[in-house]
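The block underneath contains the structure these notes are about, expressed in structure tokens.
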Amino acid sequence: MKLRSALITFILLLCAVFTLFPILMGLLNSLKTEGDMMNDILSIPAKLEFGNYADAYHKIRFMNSLGNTVTVAAVGLFGIIACASLAGYKLSRTPGKLSAFLFGLFVMSMLIPFHSIMISLTIIADRLQVQGSTTGLGLIYIGLGVPFAIFLYHGFVKTIPRELDEAAVIDGCGEVRLFASVIFPLLLPITATVAILNLLWMWNDFLLPLLMITHIDDYTLLLSTNMLFGQYGNNDWSAILASLVLAMLPVILFYLILQKYILNGIAEGAVKG
């Protein structure tokens, strides 16, 4: 048993090193000069060049890009949590063929690759006049993110005893007040999970903002970083790596605050689903 435990620990350490190595290299090379980086990408910086971060901060218009990214994420998260929690609760508490059919449609939509619908999505966004704005991008994320969130909420609601609903109704709660005052507070673990997973997705997404955002003033952090890639390999690598580190910091902080809910939320939601 000890040998088996040691082997598992060793494998997990290898996986951790394999996962964290690119991040470590990005962090180290963001503190080097361009020449030092091209000389030896694996070396430790001889002198820490924090000026790379100041340079990246101005080149990507960090505060403006951060505000756009936060707007997109806030609109997307609010819509996903509001719609999915209500739908997951109602579908779970209303058994029947119609509920099963609707839930099946949501689950099946998760199997459709984004690349197969992105052209149609772009055309629809243009017709609805939501293309080119951060709020419109957030609304599109709601549509794409709701199915998986409903799947998680639907399973988690099954862990909540129906007796709570009945007791609240006896005490005079209407359906809306029942959900808002009794059910939703109990959904906080799975809500934190949904928030973390969708924030990581929206924050790190590049393709959908590239398709939807048309003006430089509305660029997200990753779109602004993409401007640092020049033609014919003329790339500002010091600023690129520094800007990527700056873009990672807010979402890593958010993840560290709420990460304890991830495993419990996914496990309880998926197993019961």
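Laboratory data are not the source of any read-out in this text; all were calculated from the coordinates shown. Every value quoted in this text rests on a predicted model; they were computed, and no experiment measured them. Counting neighbours? That spans all protein chains shown, and the Cβs are built from the backbone with ideal geometry, glycine included.
See the values below:
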item: In degrees, nearest ten, helix 260-272 long axis to first principal axis of the chain (Cα); result: 40 degrees
item: Leading residue at positive end of dipole, region 55-272 (Cβ point charges), from 144, 208, 156; result: 156
item: Order by protection proxy (mean Cβ within 10 Å, highest first), peptides 57-68, 164-175; result: 57-68, 164-175
item: Within the chain, helix-based [θ] at 222 nm, where runs of 4 or more DSSP H residues each add -39,500 (n - 2.57), nearest 500; result: -23500 deg cm²/dmol
item: Mean projection area, nm², convex hull over Cα of region 20-112; result: 9.9 nm²
item: Positive-pole candidate from 38, 22, 48, dipole of region 2-49, charges at beta carbon; result: 22
item: Gaussian network model of the chain, springs between alpha carbon atoms under 10 Å - residue of 225, 33, 193 with greatest fluctuation; result: 33
item: Extension gain, residue 6 back to residue 18 (0.36 nm per residue minus Cα-Cα distance, nm); result: 2.5 nm
item: Leading residue at positive end of dipole, the chain (Cβ point charges), from 64, 221, 114; result: 114
item: Dipole moment magnitude, nearest 20 debye, the chain about Cα centre, only Lys, Arg, Asp, Glu C-beta charged; result: 760 debye
item: Identified option (computed percent of Cα pairs over 34 Å apart; candidates (i) 15; (ii) 42; (iii) 35); result: (iii)
item: Built amide H within the under 5 Å cut-off of residue 32, gap 5+; result: 49
item: Cβ-placed point charges (K, R +1; D, E -1), dipole of region 1-68 about Cα centre in debye, nearest 20; result: 380 debye
item: Fraction of alpha-carbon pairs over 13 Å apart in region 106-146 - percent; result: 56 percent
item: Column: log10 I(q)/I(0), Debye, Cα scatterers of region 2-49, q = 0.27 Å⁻¹; result: -0.90
